[in-house]
Amino acid sequence: MLRIDNLTCGYGSFLAMSDLSLTLRPGTITGLLGANGAGKSSTLMCIAGHVAAKAGQVYFGERDVTGLTPTERVRQGIAISPEGRRLFKDLTVEDNLRVGGLIHPAAEFKRDRDRVIDLFPRLGERITSIAGNLSGGEQQMLAIGRALMARPQLMMIDELSLGLMPKVIDLCYRALLTLRDEGMTILLVEQNTDRVMGVADDICVLESGRRVWSGSAAAARNDPTLSAAFLGLH
Ligand SMILES: Nc1ncnc2c1ncn2[C@@H]1O[C@H](COP(=O)(O)OP(=O)(O)OP(=O)(O)O)[C@@H](O)[C@H]1O
Ligand SMILES: [Mg+2]
């Protein structure tokens, strides 16, 4: 599905993520875990094409997408709900969704919008509201919804549950499971490791920009070498 080979990225001479190899299986959720500054967001931004790779490759399906722009990658089926959400705060909910769907014909907007509203009915109730006036949970739903408007095969979500109430987190996680059951592949960055472990099929742990562990979530739960700091299970 997505395969990254020896990927390295950073800012100036600083390497935020080095020599990372990872394969995502189609129709699964992979949790990308690690402490603050471990390189999780940089990894997602490099896969999405917003941060340039200094070395290594990103393959999506059979295609090497390493040299493609972010928009070209969206067209290939790679979408991101970024850290901090980066909504267009002065635009309405509907117009934020419209921006997410710009790669598709305008005539198909309503169908895609309604699909997002089916997943998050609350966005339907708030469709004419200004995004900056939404609650944190509504903004998170909108960030995910905007990414979904591109009809991605791979959905990357950074810090899904950060700052949200448990009820809203439940709702967002239920939506993720629905998307996975429909065949979507999901790469999920979270501080909330218990939540990730509850849904993930696979886990990858980063430390100082390097992969220190990867494997199935079941193996992660049973591996005593994974520290409590990462998994919070002990
Ligand atoms: N735009 C930037 N310019 C310079 N350094 C950056 C930039 N973005 C991130 N970094 C640095 O790269 C390293 C990895 O950051 P990154 O945001 O990828 O980590 P993270 O695992 O997402 O952390 P967090 O859990 O805090 O979100 C950190 O040392 C960070 O300070
Ligand atoms: Mg981050």
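The values are calculated or read from the model by the stated rules, or taken from the named source; none is laboratory data. Just so it is clear, the structure is predicted and the values come from calculations on it, not from any experiment. Methodologically, a virtual Cβ is constructed for each residue, glycine included, from the backbone with ideal geometry; neighbour enumeration extends over all protein chains shown. Keep in mind that these areas ignore ligands, DNA and RNA; they rest on the heavy atoms of the full protein, side chains included. Shrake-Rupley method; radii C 1.70, N 1.55, O 1.52, S 1.80 Å.
Listed values, structure above:
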{"item": "Residue in the stretch 66-73 that is over 21 Å from GLY10 (Cα atoms) and open to solvent by 20 Å² or more (accessible area, probe 1.4 Å) present", "result": "yes"}
{"item": "Candidates LEU148, LEU226, filtered to the one that is in contact (Cβ under 8 Å) with a residue 40 or more places away in the chain, more than 16 Å from ligand 2 (Cβ to nearest atom) and surrounded by 18 or more Cβ atoms within 10 Å (Cβ to Cβ)", "result": "LEU148"}
{"item": "Enumeration of residues in the stretch 95-108 that are open to solvent by less than 40 Å² (accessible area, probe 1.4 Å) and either closer than 23 Å to ASP181 by Cα or small (Gly, Ala, Ser) (or both)", "result": "LEU97, GLY100, GLY101"}
{"item": "Looking only at the stretch 11-32, and only at residues there that are closer than 19 Å to GLY77 by Cα and part of a strand (DSSP E or B), the one that is farthest from ligand 2 (Cβ to nearest atom)", "result": "THR23"}
{"item": "Test set (1) out of contact with any Asp or Glu (no Cβ under 7 Å at 6 or more places or on another chain); (2) under 21 Å from PRO82 (Cα atoms); (3) touching a residue at least 24 places away in the same chain (Cβ under 8 Å) - SER161 fails condition number", "result": "(1)"}
{"item": "Single residue of ASP19, ASP90 found to be touching a residue at least 12 places away in the same chain (Cβ under 8 Å), within 29 Å of MET197 (Cβ to Cβ) and over 18 Å from the mean Cα position of the chain (by Cα)", "result": "ASP19"}
{"item": "For GLY84: the one exception among (1) under 17 Å from the mean Cα position of the chain (by Cα); (2) open to solvent by less than 40 Å² (accessible area, probe 1.4 Å)", "result": "(2)"}
{"item": "Cβ pairs under 6 Å, 6+ apart, first in the stretch 29-47 and farther than 19 Å from ASP5 by Cβ, second part of a helix (DSSP H, G or I) and more than 9 Å from ligand 1 (Cβ to nearest atom)", "result": "ILE29/ARG180; ILE29/VAL199; GLY31/VAL196; LEU33/THR193; LEU33/PHE230"}
{"item": "Within the stretch 187-215, considering residues that are in a strand (DSSP E or B), open to solvent by 10 Å² or more (accessible area, probe 1.4 Å) and away from ligand 1 (no atom under 11 Å from the Cβ), the one nearest to ALA55 (Cα to Cα)", "result": "ARG210"}
{"item": "Of all residues making up the stretch 3-48, the number that are within 9 Å of ligand 1 (Cβ to nearest atom), surrounded by fewer than 19 Cβ atoms within 10 Å (Cβ to Cβ) and either under 19 Å from ASP202 (Cα atoms) or among the aliphatic types (A, V, I, L, M) (or both)", "result": "2"}
